[in-house]
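For reference, the structure is listed below as structure tokens.
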Amino acid sequence: MATTFPQEGILTVSISDISMLKDIKKAISMVKGVTKVKEQRLKPRLFDPETGKYLNDKTMKVIEDARKGIGVTHYDSVDDMFRNILGEEEFKKIHSSNV
């Protein structure tokens, strides 16, 4: 005698009008056999007109981090930036030769 288990499936529904999300979610959950309705809001993406494509996840993360100041370094002047990049001794050599 074999035991059979009920099979589950997943249905993904995309909607174009986010204001309808609550009503559609409610309507789907009223259908017999629906056990769970989960919403997932997509993050807005930036469009690159040069390529005609939307930016990928990695690029979007870099932009979001930059907006939050993560990984962004601030310098009070260009000289301070070069001091940090080159080190004080190398900066002095280059700076004195260009003056």
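Tally up the residues in region 74-87 that are at pLDDT 90 or above and either within 28 Å of residue 46 (Cα to Cα) or of a type outside the set (A, V, I, L, M) (or both), please. Give the steps one after another, and end with the answer.
Initial filter on region 74-87 (at pLDDT 90 or above): 75-87.
The next check asks that each one be either within 28 Å of residue 46 (Cα to Cα) or of a type outside the set (A, V, I, L, M) (or both); those that pass are 75-77, 79-80, 82-84, 87.
Matching residues across region 74-87 total 9.
Since residue 78 meets every condition but one in (1) of a type in the set (A, V, I, L, M); (2) surrounded by 10 or more Cβ atoms within 10 Å (Cβ to Cβ); (3) out of contact with any helix residue (DSSP H, G or I) (no Cβ under 9 Å at 6 or more places or on another chain), which condition does it not meet?
Looking at each condition in turn, residue 78 falls short on (2).
Could you list, in sequence order, the residues of region 24-43 that are surrounded by 10 or more Cβ atoms within 10 Å (Cβ to Cβ) and out of contact with any helix residue (DSSP H, G or I) (no Cβ under 9 Å at 6 or more places or on another chain)?
Hits for region 24-43 are 24, 25, 26, 27, 28, 29.
Return yes or no: is residue 19 part of a helix (DSSP H, G or I) and at pLDDT 85 or above?
Yes: the conditions hold for residue 19.
For region 44-67, which residues satisfy the criterion of being open to solvent by 100 Å² or more (accessible area, probe 1.4 Å) and under 12 Å from the mean Cα position of the chain (by Cα)? Give the steps one after another, and end with the answer.
Kept after step one, since they are open to solvent by 100 Å² or more (accessible area, probe 1.4 Å), are these residues of region 44-67: 44-45, 47, 49-50, 53-54, 57-58, 61, 67.
Once the filter is applied, which keeps residues that are open to solvent by 100 Å² or more (accessible area, probe 1.4 Å) and under 12 Å from the mean Cα position of the chain (by Cα), region 44-67 yields 44, 45, 54, 57, 58, 61, 67.
The values are calculated or read from the model by the stated rules, or taken from the named source; none is laboratory data. Remember, predicted model here, so these are calculated numbers, not experimental data. Because the Cβ atoms are built from the backbone with ideal geometry, glycine has one as well, and the counts that use them run over all protein chains shown. Just the protein is used for accessible areas: all its heavy atoms, side chains included, with ligands, DNA and RNA removed. Shrake-Rupley method; radii C 1.70, N 1.55, O 1.52, S 1.80 Å.
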